[in-house]
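> What follows is a structure written as structure tokens; I'll ask about it next.
The values are calculated or read from the model by the stated rules, or taken from the named source; none is laboratory data. No experiment lies behind these values; they were computed from the predicted model shown. Cβ: placed from backbone, ideal geometry, glycine included. Neighbour counts: every protein chain shown. These accessible areas exclude ligands, DNA and RNA; they are computed on the full protein's heavy atoms, side chains included. Shrake-Rupley method; radii C 1.70, N 1.55, O 1.52, S 1.80 Å.
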Amino acid sequence: MPSGNVHATATLVLATALGVAAHYNGLPALPLAAGALAGVILTPDLDVDRGSISQRAVRRSAGCVLGAMWAIFWRPYSLVFNHRSVWSHLPILSTAIRLAYIGLLPALVITVLVLPMPVLPAWWYWPVIGLAASDTLHWVMDGLFRMRPCRTTASGGRNGTRFR
């Protein structure tokens, strides 16, 4: 499978392309690109038990304490979902599950404190679309890597026509 760095680089390229395409088509470029860019941190690979590039990025940019809190926050998620399962990697479904997981804590606090639910801005769905696009790219990259032909060996091992 592609490494976390490869996925992050592809996500950066996607965010740029989506932002440019949205701008030239009169769509809100910043929320769409920001949603795709969030795919670096809210990657489908948050289900990895040993940590993901997301956790390393948060630790590097926000410090050890917030990095540790981010890792602790995502630990139950990684225990519930197997890596590359339909629930953690299938586009749109996995995006919705991760967003629901993130929203669970604030929703509990709002409910317990009997606060009014916040009103979402009119453009709220554009970042979600961008994140879903990032998740789709991640899924496609994982699938393409899985289908690459096996290498042939000098001793006549695999013939190069099989797929992993």
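> When only DSSP loop residues count, what trypsin sites (Lys or Arg not before Pro) in segment 1-59 have their Cβ near at most 10 other Cβ atoms within 10 Å?
R50
> When the label point is put 7 Å from the Cα of R56 along its Cα-to-beta-carbon vector, which residues of segment 1-21 have a backbone N closer than 20 Å?
1-14
> Now for a separate question. How many angstrom lie between the Cα centre of segment 68-99 and the Cα centre of segment 20-38?
The two parts, judged by their Cα centres, are 25 Å apart.
> Using θ = phi - 60° and the Karplus form 6.51 cos²θ - 1.76 cosθ + 1.60, what ³J(HN,Hα) does each residue of segment 133-141 get, whole Hz, x for Gly and Pro?
Result, ordered by residue: 5, 5, 5, 5, 4, 4, 5, 5, 4 Hz.
> Going by average Cβ neighbours within 10 Å, how do the peptides 39-45, 76-82 rank, with the highest at the top?
39-45, 76-82
> Keeping the other protein chains in place, figure out the carbon and sulfur percent of the accessible area of the chain, with a 1.4 Å probe.
After summing per-atom areas, the C and S share lands at 71 percent.
> If you don't mind, there's one more thing I want to ask. With r as the distance between the Cβ atoms of V109 and S3 and R0 = 35 Å, compute the FRET efficiency 1/(1 + (r/R0)^6) and round to 0.05.
About 0.45, to the nearest 0.05.
> Using a Förster distance of 35 angstrom, determine the FRET efficiency expected from the C-beta separation of T16 and I102, and round it to 0.05.
After rounding, the FRET efficiency stands at 0.90.
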